[in-house]
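A short worksheet on the structure shown next.
The values are calculated or read from the model by the stated rules, or taken from the named source; none is laboratory data. For clarity, every value in this text was computed on a predicted model and none was experimentally measured. Reconstructed Cβ throughout: ideal geometry from the backbone, glycine too, with neighbour counts over all protein chains shown.
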Amino acid sequence: MKTLYPTKYAALLFALLLFFTTNAQELTKVSPEEVGMSSERLNFLSQTFQDYIDENELPGAAILVARKGKTAYFETFGKNDLENNVPMTKNSIFRIASQTKAIVSVGIMILQEQGKLLITDPVGKYIPAFMETKVAVSKDNGSYDIVEANRPITIRDLLTHTSGVSYGQGIASDLWEEAKIQGWYFADRDEPILATVTRMADLPFESQPGEKFVYGYNTDILGALIEVVSGKPLDVFLKENILDPLGMTDTHFYLPKDKKERFAVVYSPSEKGLERAPNPGGMVGQGAYVEGPRKSFSGGAGLLSTSMDYAKFLQMMLNKGTFNGIQIISPKTVELMTVSHLGDVPFPWAGGTGFGLGFSVVEDLGDRGTLGSVGEYGWGGAYHSSYWVDPNEELVVVYFTQLIPAGDIDDHGKLRALIYQAIIN
């Protein structure tokens with residue numbers, strides 16, 4: 001028998017340890033009871049969402065609930081494609097729209113941790129067109145004046161949506177329309193994102209920096225900034241620093257052709273029920289993520305992903321920057337990102353809620369008035385997706401569907417109520 005020398009034995013043990021560490025099962029599926037949830041009570045969640053499908057209010061949906069680092073609930077409902085009778089599956093790929101913002105915001109914080117920028121820096125330090133910007137000011141007669149910004153926009157202004165940059169549909173919408181920069185859909189653009197946001201810098205914004213929460217192209221500008229500072233295309237930077245380390249193998253700006261059959265179709269409610277939303281060239285763009293020019297990496301709304309991929313990202317945040325033994329960002333960075341930075345600036349969309357660096361943050365549970373916890377953070381996407389992380393309950397929730405506009409469906413509220421009612425200890 002061949003003798004295994006100590007150094008070779010140690011090397012073999014190390015190789016085996018490395019294999020099992022890097023290939024460990026991630027967010028393992030367990031019984032809900034193992035993580036303090038009730039299987040019986042989760043049946044209310046399943047039945048409610050099956051009812052939405054049966055009543056033709058949703059085309060399909062995927063819900064993933066992780067607690068204490070394990071998957072307690074992962075179910076899919078309805079169809080990926082109604083017309084072709086393709087079922088929704090756990091590896092269905094969705095347009096996650098503004099859920100891209102959280103990932104890109106983490107990318108900015110990685111650059112700060114690498115010493116390549118500070119979030120207090122003016123954006124113009126890296127993209128000179130933003131050093132001096134303009135603001136549109138409404139007049140009583142319905143017109144507007146254009147004035148100089150009081151100060152340069154900072155990276156932190158962009159992270160908190162207090163830069164004044166909108167989606168181009170506000171006071172000076174005529175100028176934004178003329179520049180062909182309106183709405184959030186960039187997948188069909190034959191122009192790199194840096195070129196788009198550089199043109200954007202010449203347009204008047206909605207408010208002075210730091211004075212108002214204005215939801216808009218802030219994170220698209222951050223994506224372009226990542227390209228400038230890192231010297232890499234945004235897709236490459238995210239892949240190297242976030243997606244690959246977390247094992248997010250199904251998260252892309254543009255879909256590989258061999259994954260096309262897994263791509264969920266977008267639907268819109270109508271008097272006839274659910275109808276397939278517009279094809280490439282419209283705001284929704286059914287096909288540009290597959291057949292488009294693949295040039296614009298939209299940091300604000302461009303990524304595609306699966307439920308499990310996105311849950312890995314959120315679990316990393318819940319774990320204070322670590323997932324599966326890999327450190328993406330530091331615990332102190334997570335802490336800074338998940339507290340409100342708005343100060344006296346009101347958050348206009350929900351009571352008891354502020355906004356951190358890429359996430360909304362619950363500050364007063366009673367004022368908000370829905371189940372959850374103080375310190376919970378999250379956001380959603382234009383195609384009616386939603387997510388949140390509740391550190392107090394060690395809870396991660398990912399909800400994907402593909403519906404635009406959403407109409408008056410109450411699925412988000414019931415999703416929250418039915419998840420929290422299933423927590424038993």
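Would you please name the residue that is surrounded by the fewest Cβ atoms within 10 Å (Cβ to Cβ), looking only at residues in the stretch 241-261 that are in a helix (DSSP H, G or I) and under 18 Å from the mean Cα position of the chain (by Cα)? Across the stretch 241-261, the extreme among qualifying residues is ASP244.
For (1) in a strand (DSSP E or B); (2) at pLDDT 95 or above; (3) under 22 Å from PHE297 (Cβ atoms), each residue gets a yes or a no:
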site: THR100; (1), (2), (3): no, yes, yes
site: VAL106; (1), (2), (3): no, yes, yes
site: LEU111; (1), (2), (3): no, yes, yes
site: LEU117; (1), (2), (3): no, yes, yes
site: VAL135; (1), (2), (3): yes, yes, no
site: GLY142; (1), (2), (3): no, no, no
site: HIS161; (1), (2), (3): no, yes, yes
site: GLY164; (1), (2), (3): no, yes, no
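For (1) in contact with a Pro (Cβ under 9 Å, 6 or more places away or on another chain); (2) of a type outside the set (A, V, I, L, M, F, W, C), each residue gets a yes or a no:
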residue: ASP235; (1), (2): no, yes
residue: PRO245; (1), (2): no, yes
residue: LEU255; (1), (2): no, no
residue: SER268; (1), (2): yes, yes
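Among residues of the stretch 230-246 that are closer than 17 Å to ASP309 by Cα, those with a Cβ under 6 angstrom from a residue that is polar (S, T, N, Q) and not in a helix (DSSP H, G or I), sequence gap 6+ or separate chain, pair up as LEU243/THR251.
Return yes when ALA187 is crowded, with 16+ Cβ neighbours inside 10 Å and touching a helix residue (DSSP H, G or I) at 6+ places or on another chain (Cβ under 7 Å) and no when it is not.
Details: crowded, with 16+ Cβ neighbours inside 10 Å: yes; touching a helix residue (DSSP H, G or I) at 6+ places or on another chain (Cβ under 7 Å): yes.
When the stated conditions are applied, ALA187 passes them.
Whether a residue is outside any helix (DSSP H, G or I), more than 24 Å from ILE423 (Cα to Cα) and within 14 Å of the chain's Cα centre (by Cα) was assessed, and GLY378 does not pass this test. Among the residues of the stretch 115-127, the ones that are of a type in the set (Ser, Thr, Tyr) and buried (at least 17 other Cβ atoms within 10 Å of the Cβ) come to 1 in all. Keeping to the stretch 208-230, report how many residues are in contact with a Phe, Trp or Tyr (Cβ under 9 Å, 6 or more places away or on another chain) and part of a loop (DSSP other than H, G, I, E, B). Within the stretch 208-230, residues that are in contact with a Phe, Trp or Tyr (Cβ under 9 Å, 6 or more places away or on another chain) and part of a loop (DSSP other than H, G, I, E, B) number 5. Selection of the stretch 128-145 for residues being surrounded by 14 or more Cβ atoms within 10 Å (Cβ to Cβ) and within 18 Å of SER166 (Cβ to Cβ) yields ALA129, PHE130, THR133, LYS134, VAL135, ALA136, VAL137, TYR144.
Those helices (runs of 4 or more DSSP H) of the stretch 262-374 in which at least 2 residues are buried (at least 22 other Cβ atoms within 10 Å of the Cβ) and in contact with a strand residue (DSSP E or B) (Cβ under 7 Å, 6 or more places away or on another chain), considering only elements entirely within it, cover 307-318.
Tell me, please, whether a residue that is among the acidic types (Asp, Glu), farther than 26 Å from GLN327 by Cβ and crowded, with 22+ Cβ neighbours inside 10 Å can be found in the stretch 208-226.
yes
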